[in-house]
Structures are given as structure tokens and as C-alpha cells.
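The values are calculated or read from the model by the stated rules, or taken from the named source; none is laboratory data. No experiment lies behind these values; they were computed from the predicted model shown. Heads up, the Cβs are rebuilt from the backbone with ideal geometry, glycines too, and the neighbour counts pull from every protein chain shown.
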Amino acid sequence: MTSLQALATHLDDFWPQTFADDWDNVGLSAGSLSAEIETILVAVDLTDAVIDEALAAKCQLIITHHPLLLKPIGSLDESKLKGHLLARLIRGNLSHFVAHTNADVQLDGASTAMANAFGLEQVEPLVPQSKTLGHGAIGELPEQTTLSQFAKLVSASLPKTGRRVVFSGNPDQQIKRVAICSGAGDSLIPFVLDSDADVYVTSDLRHHPVLDAVATPRKGNPIALIDVSHWAAESLWVESAVRRLSAIPGVSALASRINTDPWTQEVN
Ligand SMILES: [Zn+2]
């Protein structure tokens, strides 16, 4: 057991808040620094089901990838979602901590975890801030394959959800260099188009950015795109976080078993 105050020092070492994007809201979002922490639950999102899971496992702290409070809230009105979730945390003596873009930019962030799951080699940040920090990841498959075969590998490497893996491009196109951004990676498309990647794997891609990206002339083949579930992609980070937390004396960390993908069913 350790105080949240003492634990926060480790958390800030793991995921320095200065690494977060300006728009992000990371660190402690609920709880008292004097709280005693013994068991930590790590999840992608803070939902009712995740709070239920934390209470059942007798956790005192939930660490999520996604912030609970990205926009300011005007009250703790429990008829509204954020007030409801915060009230449940407070009544359950649960603290809540967020490691988001400050975790993404590191070498064990969600994009690198995906790169490892796909077996990529020589993995580096896609948009480097330094040698070891940056957004997204880019790396190489050990052997060239086709887009359709690689898309099958992507699908098989991620947890199953209600959202299918889809791709855009010639199924027989040869794939060797792979760019990745785990969460909603529209904004990195210009960097991908400038890179030597054959394919870009990300989540939450929208109609117009895809239409434009695949039609953009570039050196070599047009870019191929693979769209995956945001939750499935970032659930891979949960194990990275548990590994880091397990090195802290006096606390134990559990990976959430709750699938928080809001897409629940695909239609065949
Ligand atoms: Zn995300």
C-alpha cells in the first residue's frame, strides 16, 4: 500500500505531464493525494462498467487512457454523464488518473504496442519529437506481403469488437513499410503521405480524409489505409501500462477486461 501522493511521483516519471498535447487533460482528475492505494485498474475509458469492475476488484485507483474531463463541466449534476461518473468515483472512494497523449508519444505507447503486435521491426516514431519520443509509429514487416494479407494480420492481432477492420486500396498491393497511429489518426495523414509507408493503420477514419488520401499522388504506390476499432487499438496500451505499474513496490495493477468499444454489433 502507498499513498496516492507517493504513487503520483512514479506516474509522473512514467508519463510526464509536459509530454501531453496542449489540448489534452492528463494526470489526476478525481481523488485525494492522501488516499491509500493498493490495487490499480487500468482501462481505455472510464465507464460505468469499468467503475463496477474496479469496485468488484477492490481497487482504489483507476488509470484510463482517455480523459474524463476534456471539456470543462459546470456542475456535478448527477443527471448528466460526467457528474454521474464523478459521483460514483467519489462515493466508491476511487481515484482517477489519466495518461493519454503523454503516454502515446513514448516508445511503449499504443502505436508502438500495435507495431509490436503486427511484428514490425525497426520501429520509430512516425512524427518524431526526439529520437525516442513522437506521435505514431513506423516500421517494417519482416517480409513483404499483400494488403489483403496484412489487413488479415491486423484483424487477427487486435481484440474482436463490434467494429470490423476495413481497408482502402488494391488488395494485391505489396506492403513492407507500415505507419500506425492508434487513435483517430486523420491529422497525421500528411506525414504518412510524405513518408515511405505503403500502408497506414489507424482508427476512426472518415469519408473525406480517406477519399483525398488514397487519391493523393506521391512517390511510389498510392497510400493504402486500414481502419480499426479505436478501443481495440488502444486496449494494447493497457498491458504496457500494467507492466510499468507492476514495477512499483506496494501496489498491484490489473488490466480491465471490459470492452468499451461503443460499436457493439456488425451487420453481415
Ligand atoms: Zn484514443
#### Entry: Residue list for segment 18-35, restricted to those being surrounded by 15 or more Cβ atoms within 10 Å (Cβ to Cβ) and in contact with a helix residue (DSSP H, G or I) (Cβ under 8 Å, 6 or more places away or on another chain)
19, 20, 24, 26, 27, 28, 30, 31, 35
### Query
Where in segment 1-117 are there helices (runs of 4 or more DSSP H), lying wholly inside it, with at least 3 residues that are acidic (Asp, Glu) and outside the structural domain of residue 128 (by TED's automatic domain parsing)?
48-56
### Query
Out of curiosity, is residue 264 over 17 Å from the mean Cα position of the chain (by Cα) and either within 16 Å of the ligand (Cβ to nearest atom) or surrounded by fewer than 20 Cβ atoms within 10 Å (Cβ to Cβ) (or both)?
yes
### Which listed residue, of 90, 63, 51, is in contact (Cβ under 8 Å) with a residue 60 or more places away in the chain and crowded, with 19+ Cβ neighbours inside 10 Å
63
### Message
Among the residues that make up segment 37-48, is at least one of them within 16 Å of the ligand (Cβ to nearest atom) and without any contact (Cβ under 8 Å) to a residue 12 or more places away in the chain?
### Response
no
### Of the criteria (1) touching a strand residue (DSSP E or B) at 6+ places or on another chain (Cβ under 8 Å); (2) within 19 Å of residue 182 (Cβ to Cβ), which one residue 23 fails
(1)
## Note on the structure
Exactly one of 212, 196, 204 is at positive phi, surrounded by fewer than 23 Cβ atoms within 10 Å (Cβ to Cβ), at pLDDT 95 or above and in the same structural domain as residue 120 (by TED's automatic domain parsing), and that residue is 204
## Note on the structure
Among 107, 133, the single one that is more than 29 Å from residue 266 (Cβ to Cβ) and either touching a residue at least 40 places away in the same chain (Cβ under 8 Å) or polar (S, T, N, Q) (or both) is 133
#### Entry: Index of the failed condition, residue 39 passing every other in (1) over 17 Å from residue 256 (Cα atoms); (2) over 16 Å from the mean Cα position of the chain (by Cα)
(1)
### Query
When residue 126 is evaluated against the numbered criteria (1) within 19 Å of residue 232 (Cα to Cα); (2) in contact (Cβ under 8 Å) with a residue 40 or more places away in the chain; (3) more than 13 Å from the chain's Cα centre (by Cα), which criterion, by number, is the only one it fails?
(1)
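Every residue, every condition in (1) in contact with a helix residue (DSSP H, G or I) (Cβ under 7 Å, 6 or more places away or on another chain); (2) within 16 Å of the ligand (Cβ to nearest atom), yes or no:
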{"residue": "174", "(1), (2)": "no, no"}
{"residue": "180", "(1), (2)": "yes, yes"}
{"residue": "184", "(1), (2)": "yes, yes"}
{"residue": "204", "(1), (2)": "yes, yes"}
{"residue": "215", "(1), (2)": "no, no"}
{"residue": "219", "(1), (2)": "no, no"}
{"residue": "225", "(1), (2)": "yes, no"}
### Query
Is it true that some residue in segment 149-157 is crowded, with 16+ Cβ neighbours inside 10 Å and either under 22 Å from residue 244 (Cβ atoms) or in contact with a His (Cβ under 9 Å, 6 or more places away or on another chain) (or both)?
yes
### Task
Please tell me if residue 81 is within 15 Å of the ligand (Cβ to nearest atom) and surrounded by fewer than 16 Cβ atoms within 10 Å (Cβ to Cβ).
no
### Query
Just checking, which of 51, 73 is in contact with a Lys or Arg (Cβ under 9 Å, 6 or more places away or on another chain) and at pLDDT below 95?
73
#### Entry: Condition broken by residue 142, with the remaining ones in (1) under 21 Å from residue 221 (Cα atoms); (2) touching a residue at least 60 places away in the same chain (Cβ under 8 Å) satisfied
(2)
### Task
Report the residue count in segment 1-28 for those that are aromatic (Phe, Trp, Tyr) and within 19 Å of residue 94 (Cβ to Cβ).
0
